[in-house]
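Participant: What follows is a single structure, and I will ask about it in a moment.
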RNA sequence: GGCGCCAUGGUGCAACGGUUAGCACAUCACCCUUUCAAGGUGGAAAUGCGGGUUCGAUUCCCGCUGGCGCUACCA
């Protein structure tokens, strides 16, 4: 994908590295967004890397969905996507190097000896679980020689590992708390060396891709010291880390399927505007410092900084997301909205080519402008405001129940249709006067006619102001819809 | 269990030793109004607890509590 801004070869290099084991969820999207903001803010380079080393859990078909989600969000990248599955040799080389310089060793222990234990032992009445973090293989005394070995990192005894985090500050971990983690899994099949673990592939790639800032979820804070140790073993300078707080569900646990929509694709389908979604996401765990919240993407890029990233986990609040959407729906210049609405109408098969240019385009723009203060999500354009784009619509039950009660209505609406049909000119005030005049002669409140007419011409109890609506629909349509409604109005008033 | 991180109204953020603790969402009331929104005005609502440090703590330190994360030959 082409870069949106000129690249600065000395600028920061960041990456977003999803694993195609699921869809792009909002947490990942927010991480991608922050990386992108940072890259664009500093004219740096954004790299997309696919972490697909786990052949079992990896589902290649999910990748397209992730890319689609990123594109919908409006994010682009300058390099990649790079697939880790195609770089296995690099990781093996690095592991060999660690073996050669003494920072790693071959471990012949069966995998089960390390795995399984901790979680399983938890039930033992709170008994302290001492994990195995070192083994005799480390000293060249294989516990089960003959089996295929894994390569483990030889974590230094004693001492501490420190690194800089742009969000959390200087972090220190004592090495004795870090287990001898696996670099290369024991071989399956005939291969002498296996596949890399996350720690290995991430570090090797971040080094080779010259990543300067690792911006990722705070769930990685705990394994960062392992990675720092690896950088040192490979003779490389660690990058600057920036761990961003997690996004939680309303119950304060990490956002997951049971919290409802967590895939960005779902938000696209529900009809959110990407820019509104971006604005909302940006403010989850980050703030420009002041009180301003409505920030267009260009402002977000301009203001983004790692210093503004919070250390507190944030709860995903859908109500606020919807508020952002209504704000964008209302504040954007109409022209920016038209393509979105056009897309929506196309999806619902209501689109007519005449609205693409000329007078049709003008009408379309005016109508969208009229409708938008009442729109919450894009599909509202083809549902409750359907009557503005199609003659085929139905009268909502709630609307007839509410506004088609008065028994005089069938007669009055008939008279109104006649009066409107006789109008020499079709404009807001003419319609207004005609309706009020009729109300006065008939001795009814104007509101009675106004409300009933609204239902008759758009089928809904809720719509823009009546005379603006009439103007948008045009005289012929209003009159014919009014007449066509008469039998239905009759039924309702008798019920 | 161990290690780590975090802690301002229900939610998202401000206030980075001195403010009547601010803004926004949500919520309630009122205004506007032909419906419903939008908009406007106002209300209710927070510094988890306990110790320090300081003339002064939301802010710095310690403890507690609570939440979250990591604790795999997953990423």
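Conditions (1) out of contact with any strand residue (DSSP E or B) (no Cβ under 9 Å at 6 or more places or on another chain); (2) buried (at least 22 other Cβ atoms within 10 Å of the Cβ); (3) part of a helix (DSSP H, G or I), marked per residue:
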{"residue": "A:447", "(1), (2), (3)": "yes, no, yes"}
{"residue": "A:452", "(1), (2), (3)": "yes, yes, yes"}
{"residue": "A:455", "(1), (2), (3)": "yes, yes, yes"}
{"residue": "A:462", "(1), (2), (3)": "yes, no, no"}
{"residue": "A:468", "(1), (2), (3)": "yes, no, yes"}
{"residue": "A:471", "(1), (2), (3)": "yes, no, yes"}
{"residue": "A:476", "(1), (2), (3)": "yes, no, yes"}
{"residue": "A:480", "(1), (2), (3)": "yes, no, yes"}
{"residue": "A:484", "(1), (2), (3)": "yes, no, yes"}
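Participant: List the pairs whose first member sits in region A:214-239 and is under 17 Å from residue A:93 (Cα atoms), whose second member is away from RNA strand B (no atom under 16 Å from the Cβ) and not in a helix (DSSP H, G or I), and whose Cβ atoms are under 6 Å apart, counting only residues at least 6 apart or on separate chains?
Facilitator: Here the result reads A:231/A:238; A:233/A:103, each pair linking region A:214-239 to a residue that is away from RNA strand B (no atom under 16 Å from the Cβ) and not in a helix (DSSP H, G or I).
Participant: Identify, please: which residue in region A:48-90 is in contact with a strand residue (DSSP E or B) (Cβ under 7 Å, 6 or more places away or on another chain) and farther than 21 Å from residue A:210 by Cβ and is, among those, farthest from RNA strand B (Cβ to nearest atom)?
Facilitator: Looking at the filtered set, the residue picked out is A:63.
Participant: Considering only region A:155-188, state which residues are surrounded by 18 or more Cβ atoms within 10 Å (Cβ to Cβ) and more than 8 Å from RNA strand B (Cβ to nearest atom).
Facilitator: A:155, A:161, A:163, A:165, A:166, A:167, A:178, A:180, A:183
Participant: Looking at region A:287-344 only, could you name the residues that are in a strand (DSSP E or B) and either touching a helix residue (DSSP H, G or I) at 6+ places or on another chain (Cβ under 6 Å) or under 20 Å from residue A:37 (Cα atoms) (or both)?
Facilitator: Step one: of region A:287-344, the residues in a strand (DSSP E or B) are A:309, A:314-315.
Selection gives A:309, A:314.
Participant: Moving on. If the requirement is being at pLDDT 95 or above, closer than 30 Å to residue A:35 by Cα and out of contact with any helix residue (DSSP H, G or I) (no Cβ under 8 Å at 6 or more places or on another chain), which of these qualifies: A:209, A:200?
Facilitator: Unique residue meeting the criteria: A:209.
Participant: Also, quick follow-up: When region A:272-290 is examined, which residues are found to be within 10 Å of the chain's Cα centre (by Cα) and near RNA strand B (Cβ under 9 Å from one of its atoms)?
Facilitator: Correct list: A:280 only.
Participant: Right, residue A:32: assigned to a helix (DSSP H, G or I) and either modelled with pLDDT under 95 or over 17 Å from the mean Cα position of the chain (by Cα) (or both) or not?
Facilitator: It is false that residue A:32 is assigned to a helix (DSSP H, G or I) and either modelled with pLDDT under 95 or over 17 Å from the mean Cα position of the chain (by Cα) (or both).
Participant: Looking at region A:243-271 only, could you name the residues that are away from RNA strand B (no atom under 15 Å from the Cβ), part of a helix (DSSP H, G or I) and farther than 19 Å from residue A:34 by Cβ?
Facilitator: Those that are away from RNA strand B (no atom under 15 Å from the Cβ), part of a helix (DSSP H, G or I) and farther than 19 Å from residue A:34 by Cβ: A:265, A:266, A:268, A:269, A:270.
Participant: Right, next: With a cut-off of at least 2 residues that are within 24 Å of residue A:96 (Cβ to Cβ), name the strands (runs of 3 or more DSSP E) lying wholly within region A:144-229.
Facilitator: Qualifying strands (runs of 3 or more DSSP E): A:150-153, A:182-184.
Participant: Follow-up. All but one of (1) touching a strand residue (DSSP E or B) at 6+ places or on another chain (Cβ under 8 Å); (2) buried (at least 17 other Cβ atoms within 10 Å of the Cβ) hold for residue A:37; which doesn't?
Facilitator: Unmet for residue A:37, out of (1) touching a strand residue (DSSP E or B) at 6+ places or on another chain (Cβ under 8 Å); (2) buried (at least 17 other Cβ atoms within 10 Å of the Cβ): (1).
Participant: Among the residues of region A:400-428, which ones are closer than 18 Å to residue A:461 by Cβ and not in a helix (DSSP H, G or I)?
Facilitator: A:404, A:405, A:406
Participant: Here is a further query. Is it the case, given these coordinates, that residue A:79 is surrounded by fewer than 22 Cβ atoms within 10 Å (Cβ to Cβ) and more than 24 Å from residue A:262 (Cα to Cα)?
Facilitator: Yes: the conditions hold for residue A:79.
Participant: So, one more: Got a number for residues in region A:398-419 being at pLDDT 95 or above and more than 23 Å from residue A:442 (Cβ to Cβ)?
Facilitator: The total comes to 0.
Participant: Within region A:14-29, can you find the residues that are part of a strand (DSSP E or B), within 15 Å of RNA strand B (Cβ to nearest atom) and within 20 Å of residue A:212 (Cβ to Cβ)? Let's see the steps before the verdict.
Facilitator: Of region A:14-29, the ones part of a strand (DSSP E or B) are A:14-16, A:25.
Okay, now just the ones that are also within 15 Å of RNA strand B (Cβ to nearest atom), so A:15-16, A:25.
Those that are part of a strand (DSSP E or B), within 15 Å of RNA strand B (Cβ to nearest atom) and within 20 Å of residue A:212 (Cβ to Cβ): A:15, A:16.
The values are calculated or read from the model by the stated rules, or taken from the named source; none is laboratory data. Computed from a predicted model, the values in this text were never measured in an experiment. Virtual Cβ from ideal backbone geometry, glycine too; neighbours counted across all protein chains shown.
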